[in-house]
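Encoded as C-alpha cells, the structure appears first; notes follow it.
The values are calculated or read from the model by the stated rules, or taken from the named source; none is laboratory data. Note that the coordinates shown come from a computational prediction; the quantities given were computed from them, not determined experimentally. All Cβ positions, even for glycine, are placed from backbone atoms using ideal geometry, and neighbour counts span all protein chains on display. SASA here: full protein model, heavy atoms, side chains in, ligands and nucleic acids out. Shrake-Rupley method; radii C 1.70, N 1.55, O 1.52, S 1.80 Å.
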Amino acid sequence: MISVSIKYTISGSIADYIQRVKMSNPEASKETCAPHVVKEELMAAGQWLKLEKMTYVDRSGSTRTWETVKRTTRLTNPSADAVGVIALLKRTLHKDCVVMVKQFRPPMGSYTLEFPAGLIDEGESAEVAALRELKEETGFRGEVVGVTPVTCLDPGLSNCTTQIVMVNINGDEGENINPTQQLGDGEFVEVVLLPLDEFQSKIDVLLKKEDIVVDSKVYMFAMGMAQAFFKPMELPVLKQ
C-alpha cells in the first residue's frame, strides 16, 4: 500500500506541474499540427528568378509569412534543379586532383572557387547533366561513380535543389591530356586543379593569396578530406 501511495503522489505532482506550465504559457497548450504552405503570392519576377511571399502554418497552428526566391526556369517534374560535380583527375605518377572552377560571380562581387556545376536540362538525368557540364566548363571527360539524393542548397532563402555527382577522370587518355573547354557566350571559367590529400590546405593558401570566396560545399568537402587523411595513430603530445 505504501508503494502504491508513493506512485500516486509522484504521478499526481507531475500532472499538476504540466498543467501549471500550460496555464502559464498559452502557446504550449495549443495542439501541434503538420506545418504546411497556405498560399504563394508573386512579389517580383525577372528572366531567371522570382520573389514570392508565402503564407504558411507552423506546427503550433500559427499563420506566418516568409519571403522566398524561386527559379522561373524550373522544369515540370525535375529530379533536381541542378548538379554539382566532384571530379577527381587520376594520372600516372601524379597525385589525384580535384577539378575546380574559378569564375566571377556578380552577386558576390568577386571570384569564387566552386565545383563544376549547372542546371539540368529537359529530359536529362543528373548523371548526364554532370558529364555535360564537366565537359563544357573544364574540357574533361569522365565516368560517373556516385550520385547523391536530391539535396537543398539554401532552404532559408530558396527552394532550389541539387544532386552532387562524383566523377573519375582518366587523365592518361588523349582527350584529357589537353582538355578543351566548350564555354558559351559570356562564360569565362578558369580550371583549378588541387591535390586531394592537401585539398583544404591548398584552398587556405588561395584564400590568403587571392580575393576569392569559396563555395560552402567545396570547403565542407575539403574539411571531410582533411579528416579522411588524418592519421589517428599520430596522437598529439599531451600538454602539461
* Share of carbon and sulfur in the accessible heavy-atom surface of region 102-151 [1.4 Å probe, %] -> 56 percent
* Hey, if we sort CYS33, CYS160 by accessible area with the 1.4 Å probe, largest down, what's the order? -> CYS33, CYS160
* Asked: Local charge sum around TYR111 (other residues, Cβ-Cβ under 9 Å, Lys/Arg +1, Asp/Glu -1)?
  -> -1
* Structure fact -> Gyration tensor (Cα only) of region 111-240 to equivalent ellipsoid, semi-axes in Å sorted down, yields 29, 19, 17
* Structure fact -> Note: region 100-162 at 20 °C, 1.002 mPa s; Kirkwood Rh on alpha carbon pairs; Stokes-Einstein D in µm²/s works out to 160 µm²/s
* To do: Just read off the accessible area of TYR56 with the full protein assembly in place, 1.4 Å probe, to the nearest 10 Å².
  => 50 Å²
* Structure fact -> region 82-230 accessible area per residue, 1.4 Å probe, protein heavy atoms, integer Å², reads 54 Å²
* To do: Report the calculated FRET efficiency for MET54 and CYS33 (r = Cβ-Cβ distance, R0 = 25 Å), to the nearest 0.05.
  => 0.90
* Asked: Do any GluC sites (Glu not before Pro) in region 112-149 lie in a DSSP loop with no more than 15 other beta carbon atoms within 10 Å, and if so, which?
  -> GLU122
* To do: Mark the label point 7 Å from the Cα of ASP96 along Cα→Cβ and return the residues of region 144-162 whose backbone N is within less than 18 Å of it.
  => 144-148
* **Amide H contacts under 5 Å for LEU49, placed H, 5+ residues apart** => THR72
